[in-house]
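Worksheet: one structure, shown below.
Derivation of every value follows stated rules applied to the coordinates shown; laboratory data play no part. Only a predicted model underlies this, so the values are computations on that prediction, with no experimental measurement involved. Cβ: placed from backbone, ideal geometry, glycine included. Neighbour counts: every protein chain shown.
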Amino acid sequence: MKKMKIGSAVALPGKRGNGYLEIASYLDGTPVKTPVMILNGSKPGPRLWLQGCIHGNEYCGSLAILKVFREVAPEKMAGALIGFPALNFTAFLEERRFSPFSLFGVPDLNRVFPGRTDGNFSDIMAYHIFRAFTKNADCFIDFHCGHNPDTYWTLYDEDGSETSKKSQEIAKAFGIDLIYPSKAAVLKSALFTQATMQNIPGIIVEAGGAGELATPEAVATAAEGIKNVMKHLRILDEPFSMKKRFVIFKDWSWLTASHGGRFVPQVKMRDKVKKGQIIARVFTLFEEELEPVRSPVEGIILTFSRKPFVVSGDSIFQIGVP
């Protein structure tokens, strides 16, 4: 491998480098800098880009990235590992999903790629991140969290291309048995969709819950998945066998609350549900039952809200359709 440089992080072959990538600027004109780490292998190989906290309070992937960087020796690698543990840095500092500076337009950083220099704060961050990404990544894993600490599934952008086929192989190598080949229009400007258009394969991993719902079990699963992918890509020269059985979803349903109230789920994670089945009940503070939440599809519960009270429009369920 040659010397690698991303932002101020520099790593010689067989070494680690730490630094920052400038992605926007503050009110006083100083740069917003997100931390970046590089493990540069001693031999040539693929460069695997890892990112956590594109939504600033989704910590499981961040903790998994830090764990892998502690445990893997770069001199034993072929290729490179690039880690962004707190990608959306201003959101991370505020322990919230979106940046506090994204006041206009679309606030979600994972809905505005490839970004632009004349947009809002999130657009500008996306522009600088995507430039670094397309220059340095051969493949990637983008970590997210669900509403529930027992959330475990992966998805990749499916457009029928060879890149999508490689993405599916990465999803299988990661090791979670629930996989969604996404064609969702709502994700057309997510990083993983735009990456496919640049012929860069990779996946989104939904592991664990946001905030304090980041459990040691979810972190361990995510870290093991990273190492599985590294072995699959031959970044690590270690024995690896892929699982044989997976559930490949045909579709995906994301439910939001039509009205607020006390939220009482009637299902468990990974439950199979029928179309029209009551999956949650909602009550006023006077214990008057409102219209129940029914599943719009026949499928498998991927995640659901742990909030005891919800407001209209809250994200409450995600269901995979086999």
Skipping prolines and chain starts, which residues have an amide H placed within reach, meaning under 5 Å, of the one on Asp157, given they are 5 or more residues away or on another chain? Ser182
With springs connecting C-alpha atoms under 10 Å apart, model the chain as a Gaussian network and identify which of Met269, Met77, Met37 has the largest mean-square fluctuation. Met269
Long-range amide H partners of Gln266, meaning residues 5 or more apart or on another chain whose placed amide H is closer than 5 Å, are Ala280, Arg281
Rank by packing, highest mean first: peptides 27-35, 115-123, 301-309, with packing defined as the count of other Cβ atoms within 10 Å averaged across residues. 301-309, 115-123, 27-35
Give the average over all directions of the projected area of the C-alpha convex hull of segment 161-246, one decimal, in nm². 6.7 nm²
HN-Hα J in Hz across segment 22-27 - Karplus 6.51, -1.76, 1.60, θ = phi - 60°, x for Gly and Pro: 7, 10, 5, 8, 7, 4
Within the set Lys183/Lys250; Lys183/Lys272; Lys3/Lys135; Lys67/Lys188; Lys135/Lys165; Lys227/Lys268, which residue pairs have Cα atoms separated by over 20 Å? Lys183/Lys272; Lys67/Lys188; Lys135/Lys165; Lys227/Lys268
With r as the distance between the Cβ atoms of Lys275 and Leu93 and R0 = 56 Å, compute the FRET efficiency 1/(1 + (r/R0)^6) and round to 0.05. 0.85
Which of the listed residues, Gly160, Phe174, Met4, is farthest toward the dipole's positive end in segment 4-247, when Lys, Arg count +1 and Asp, Glu count -1 at the beta-carbon? Met4
Using every alpha carbon pair in segment 170-213, what percent of pairs falls into each 10 Å bin from 0 up to the bin containing the largest distance? 23, 46, 29, 2
For q values of 0.08, 0.12 Å⁻¹, compute log₁₀ I(q)/I(0) with the Debye formula on a Cα-only model of segment 79-231, without solvent. -0.22, -0.50
Roughly how many Å is it from the Cα centre of segment 65-124 to that of segment 232-300, as a whole number? 26 Å
Among Ser99, Leu48, Leu302, whose Cα projects farthest towards the positive end of the dipole of the chain, with charges put on the beta-carbon of Lys, Arg (+1) and Asp, Glu (-1)? Leu48
Using the crude model of +1 on Lys and Arg Cβ and -1 on Asp and Glu Cβ, and no other charge, please compute the dipole size for segment 250-321 relative to its Cα centre, in debye to 20. 360 debye
The size of the Cβ-based charge dipole (Lys, Arg +1; Asp, Glu -1) of segment 181-322 about the Cα centre, to the nearest 20 debye, is 600 debye
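For the chain, give the magnitude of the charge dipole about the Cα centre (Cβ charges: +1 Lys/Arg, -1 Asp/Glu; no others), in debye to the nearest 20.
About 1080 debye.
Which is the longest run of the chain containing none of the GluC sites (Glu not before Pro) found in DSSP loop states (not H, G, I, E, B) with at most 13 other C-beta atoms within 10 Å?
Counting at most 13 other Cβ atoms within 10 Å as exposed, the longest clean stretch of the chain is 96-286.
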With springs connecting C-alpha atoms under 10 Å apart, model the chain as a Gaussian network and identify which of His259, His147, His128 has the largest mean-square fluctuation. His259
State log₁₀ I(q)/I(0) for segment 250-321 at q = 0.12, 0.23 Å⁻¹ as given by the Debye formula over alpha-carbon point scatterers of equal weight, solvent excluded. -0.27, -0.97
